[in-house]
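In what follows, a single structure is set out as C-alpha cells and then discussed.
The values are calculated or read from the model by the stated rules, or taken from the named source; none is laboratory data. Here the structure is a predicted model, which is why all the values come from computation and not from measurement. Backbone-built Cβ (ideal geometry, glycine too); neighbour counts: all protein chains shown.
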Amino acid sequence: MTDASTRAREIVESTYRSDSRRVLATLVRLLGDFDVAEEALHDAFAAALERWPVDGVPANPRAWLVSAGRFRAIDHIRRRARFDARHAEIAAELESHVPISVHGGDDDEIPDDRLRLIFACCHPALAIEAQVALTLRTVGGLTTEEIARAFLVPAPTLAQRIVRAKNKIRDARIPYEIPGQAELPERIDAVLAVIYLIFNEGYSATFGDELTRADMCAESIRLARMLAELHEDSEVDGLLALMLLHDSRRAARIAGDGEPILLDDQDRTLWDQAKIREGITLTTRALASGRVGPYALQAAIAAVHAEARTAAETDWGEIVGL
Amino acid sequence: MKYLCLIYDEESLWQKMSPDEMGKVMGEYNAFGEDIKASGHFIGGNALQPTSSATTIRVRNGKTITSDGPFAETKEQLGGYYLIEAKDLNDALQVAGRIPGAKLGSVEVRPIMVFNS
C-alpha cells in the first residue's frame with residue numbers, strides 16, 4: 001500500500017471520529033428517517049474507504065459523505081421499488097429535494113442540522129428517558145451498550161426505548177426543525193434539562209462503572225458546548241458554566257476509599273483551574289446578558305465557591321447578593 | 001398529515017358554570033373555530049353530550065352486552081374533538097394548544113393512521 005493511500009485511510013478514520021455525527025444530522029434531515037440515515041452514513045464511510053485511497057481525499061469531505069450517503073440511500077429505496085411501487089414515489093420525492101449543501105459545499109447548513117436533530121431528540125412529546133437515550137445515541141454517537149451501562153439498565157431495554165422514540169418521531173411526524181421564536185425558550189429549557197440530567201447521572205451516582213460515569217459528564221459538557229456554539233443563549237452559557245465548575249472538583253470529591261468528601265474538606269489544589277476559568281468567563285457573560293435564569297444563577301454560586309482558595313474564604317456576602 | 005385532537009375535561013365544571021361563563025367559553029370556541037378554518041387546519045370537529053348520555057357496547061363470544069356510561073371511570077371525560085390537517089406534530093400542537101379546552105382540561109393529539117390499500 002502506498003503512503004498516500006494509507007494517509008487517505010487515516011483521514012477517513014479521523015473524519016469518522018470528528019464528523020460522523022454532523023453527517024448523520026444532515027442525512028436525517030434529507031432522508032427524513034433515522035434508520036435509513038444511519039444505514040446511509042455507514043454506506044458513505046464504506047464508500048470513502050474504497051474511493052479516497054484511489055481518487056484522493058475530496059476538497060470537502062463532509063459534503064462528499066453527505067452526497068454519497070444520500071445517493072446510496074435513494075439507490076436502496078429504488079431497488080426496493082421493484083417489489084413495492086410505493087418506494088418508487090419515495091425515491092423520486094427524495095431525489096427532487098436537492099439541498100444546496102450537497103453541491104455547493106455550503107457548511108453553514110450543517111451546524112443547523114445538528115441543532116434540528118437535538119430539538120427532535122429532546123422533543124417534549126417523547127418520554128424523558130427516551131429523550132436522554134436518543135440524544136446520547138444520535139447526537140452524541142454513543143453505543144446503545146455504553147448508554148445502558150451508564151444508566152444501569154439492560155441493553156435490550158435501552159435499545160427498545162430508542163426504537164420506540166424513533167417510531168414516535170416517524171409516526172407522529174415530529175419535525176427536524178428549530179422551533180420558532182414563540183416556542184424557543186421553552187424548547188431550549190427541555191434540551192438543557194436533558195443535558196443536565198446526563199451530567200448529573202455521571203456526577204452524583206455513587207455506584208456503577210467509574211469510567212463510564214466520567215464519560216457521561218464529559219459527553220454532557222460536549223453537548224452543551226455544541227449547543228452554545230450553535231445557539232447563543234445566557235442559559236446555555238449558564239448550564240455549561242455550572243457543569244464545568246462542578247466537574248472541576250471531580251478529582252477532589254472522592255476519597256481513596258470511594259467515600260465522598262464534602263466541599264469544606266476538599267483539597268482545593270486538586271480543582272481543575274482551566275475548567276474553573278472557563279466556567280467563570282461563561283458565568284460572567286451569562287450574568288451580563290441581563291436575562292439571568294436558574295442555571296446562570298447556580299453557576300454564579302458555584303463560581304464564588306470555586307474562586308475561594310479555602311472554605312473559610314468563601315464570599316458568602318456575594319452569594320447572598322446574587 | 002391528519003391529527004385528531006381529543007378534548008378531555010371535567011364535565012362537572014360545565015354543569016357548575018353560570019350562563020355568562022358558559023357564553024364566554026362558547027365565544028372562545030367559536031373564535032377558535034373561525035381561526036383554524038381561516039388557516040386551513042380545520043377538517044371537522046364536534047362537542048359531545050355528557051357521559052350520562054353515553055352507552056357502551058361489547059360483543060363477547062357472539063353475545064352483546066350493553067351497559068350505561070363510559071368504559072372507565074376517570075376524572076376527566078372526552079368532551080369533544082377536532083380533526084385537523086397539520087404540517088407536522090409541532091404545527092398540530094400549536095393548533096391544539098389554542099383549543100379553549102386545553103385551559104380547562106387537557107387535549108390529546110393523535111396522528112391518524114394511514115392504511116395503504
>> Please determine whether any residue of segment B:20-31 is within 14 Å of another protein chain (Cβ to nearest Cβ) and in contact with a helix residue (DSSP H, G or I) (Cβ under 9 Å, 6 or more places away or on another chain).
In response: no
> Counting only residues that are outside any loop (DSSP other than H, G, I, E, B), of a type in the set (D, E, K, R) and in contact (Cβ under 8 Å) with a residue 24 or more places away in the chain, how many does segment A:30-65 have?
Replying inline: 4
> Identify, please: which residue in segment A:158-195 is touching a helix residue (DSSP H, G or I) at 6+ places or on another chain (Cβ under 7 Å) and among the charged types (D, E, K, R) and is, among those, nearest to residue A:233 (Cα to Cα)?
Replying inline: A:187
> Of these, A:120, A:130, which one is out of contact with any Leu (no Cβ under 7 Å at 6 or more places or on another chain), within 14 Å of chain B (Cβ to nearest Cβ) and assigned to a helix (DSSP H, G or I)?
Replying inline: A:120
> Take the residues of segment A:247-264 that are in a helix (DSSP H, G or I) and free of Cβ contacts under 8 Å to residues at least 24 places away in the same chain: which is surrounded by the fewest Cβ atoms within 10 Å (Cβ to Cβ)?
Replying inline: A:251
> Hey, among A:113, A:107, which residue is modelled with pLDDT of 70 or more and within 19 Å of residue A:230 (Cβ to Cβ)?
Replying inline: A:113
>> Looking at segment A:142-157, can you tell me whether even one residue there is more than 14 Å from chain B (Cβ to nearest Cβ), at pLDDT 90 or above and within 22 Å of residue A:237 (Cβ to Cβ)?
In response: no
> Here are B:66, B:51: which of them is loosely packed, with under 14 Cβ neighbours inside 10 Å and either away from every other protein chain (no Cβ under 14 Å) or acidic (Asp, Glu) (or both)?
Replying inline: B:66
>> Out of A:244, A:297, A:282, I need the residue that is assigned to a helix (DSSP H, G or I), within 19 Å of residue A:202 (Cβ to Cβ) and either modelled with pLDDT of 90 or more or not aliphatic (A, V, I, L, M) (or both). Which one?
In response: A:244
>> Where the second residue is outside any helix (DSSP H, G or I) and of a type in the set (Ser, Thr, Tyr) and the first is more than 7 Å from chain B (Cβ to nearest Cβ) and lies in segment A:160-179, which pairs have Cβ atoms under 9 Å and are six or more apart or on separate chains?
In response: A:169/A:176
> For segment B:32-44, which residues satisfy the criterion of being assigned to a helix (DSSP H, G or I) and touching a helix residue (DSSP H, G or I) at 6+ places or on another chain (Cβ under 8 Å)?
Replying inline: B:36
>> Filter segment B:84-117 down to the residues that are within 11 Å of chain A (Cβ to nearest Cβ), β-branched (Val, Ile, Thr) and touching a Phe, Trp or Tyr at 6+ places or on another chain (Cβ under 7 Å) and list them by number.
In response: B:109, B:112
> Any residue at all in segment A:270-291 that is in contact (Cβ under 8 Å) with a residue 60 or more places away in the chain and closer than 30 Å to residue A:19 by Cα?
Replying inline: no
> How many of the residues in segment B:68-117 are without any contact (Cβ under 8 Å) to a residue 24 or more places away in the chain and in a strand (DSSP E or B)?
Replying inline: 1
